[in-house]
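The values are calculated or read from the model by the stated rules, or taken from the named source; none is laboratory data. Since we're looking at a predicted model, the values are computed, not measured. Positions of Cβ are generated from backbone atoms using ideal geometry, with glycine treated the same way; all protein chains shown enter the neighbour counts.
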Amino acid sequence: MTRILQQKIDVETDGKRPRAFLFRDQQYFIVEILDFWIEADAWWKSFEDHGDREMFRVLTDQEGIFELEHDLGDDVWQLYKVWD
């Protein structure tokens, strides 16, 4: 079962890819990126509002599976989804 959370989180990266994140006062270290894709914003929005998002499905050191969203326009990370 999955839950959509869409909560802003702090993420450590290696410059491009997430390495760890903080969620509910707990640090999660990413041991594997299971999937990666880019979601494009709506084509009808103006250029200034254009905000593609990088999506990462990751496995953590605590054997949890999470989906992280990185808004490229605002450089903001969210915990989008968690697998129970």
Take the residues in region 17-29 that are of a type outside the set (A, V, I, L, M, F, W, C) and farther than 13 Å from Asp61 by Cα, then tell me which one is surrounded by the most Cβ atoms within 10 Å (Cβ to Cβ). Pro18
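Identify, please: which residue in region 15-25 is of a type in the set (Lys, Arg) and at pLDDT below 95 and is, among those, farthest from the chain's Cα centre (by Cα)?
Filtering region 15-25 for residues of a type in the set (Lys, Arg) gives 16-17, 19, 24.
Add one more test, that the residue is at pLDDT below 95, and what stays is 16, 24.
Values: Lys16: 12, Arg24: 15 Å.
Ranking the candidates gives Arg24 first.
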Counting only residues in region 35-44 that are among the acidic types (Asp, Glu) and either modelled with pLDDT under 95 or surrounded by 13 or more Cβ atoms within 10 Å (Cβ to Cβ) (or both), the one farthest from Val82 (Cα to Cα) is identified as Asp41
Have a look at Glu12, Glu32, Glu54 and point out the one that is in contact with a His (Cβ under 7 Å, 6 or more places away or on another chain), at pLDDT 95 or above and either surrounded by 10 or more Cβ atoms within 10 Å (Cβ to Cβ) or not in a loop (DSSP other than H, G, I, E, B) (or both). Glu54
